[in-house]
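Take a look at the structure set out below.
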Amino acid sequence: MRAGSAAVALVAALLAGCSSATSPQSFGRADERIAVTNGASFEIVLDANSGVGDDWRIVGEPDPAVAVPTGEGYRSDSDQPGSPGHASFAFRAAGAGTTAVKIYNCYRCGPDGKPRPEDEHLAETLAFTVVVTG
């Protein structure tokens, strides 16, 4: 019975190691330089509050030979209306090289994709350098 328990524990540990190896690396506002290996999944996660018009969008796509966007999402920190959360942008490292990703926060943008004059000071662009090795 003891050998069976040890075997189950070993399999569980191995599976846990496998699942964490496939989890995307996560980067944020302070990570201007993102270094990943070829084939790795990674994401850029930024504070946001889409309930009040605080929306991030990619405005500078990476070189697809180096990094490929694989999805975007938003997760609220609460189920209460207007609660802050996090915007996420997922990528897959496609080949060795260096590329840039630019993400724009257009606070309360109008239909033209530009902020209202009184909100222009709240708009910002973040630039990330992605370096893929291997």
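The values are calculated or read from the model by the stated rules, or taken from the named source; none is laboratory data. Just so it is clear, the model here is predicted, and its values are computed rather than measured. We place every Cβ from the backbone using ideal geometry, glycine too, and count neighbours over all the protein chains shown.
Of the strands (runs of 3 or more DSSP E) lying entirely inside the stretch 67-134, those containing at least 3 residues that are hydrophobic (A, V, I, L, M, F, W, C) and in contact (Cβ under 8 Å) with a residue 60 or more places away in the chain are 124-133.
Name the single residue, out of those in the stretch 74-96 being at pLDDT 80 or above and out of contact with any strand residue (DSSP E or B) (no Cβ under 6 Å at 6 or more places or on another chain), that is farthest from THR133 (Cα to Cα). For the stretch 74-96, the residue satisfying everything is GLN80. Of the residues GLU124, GLU72, the single one that is under 18 Å from VAL52 (Cα atoms) and among the charged types (D, E, K, R) is GLU124.
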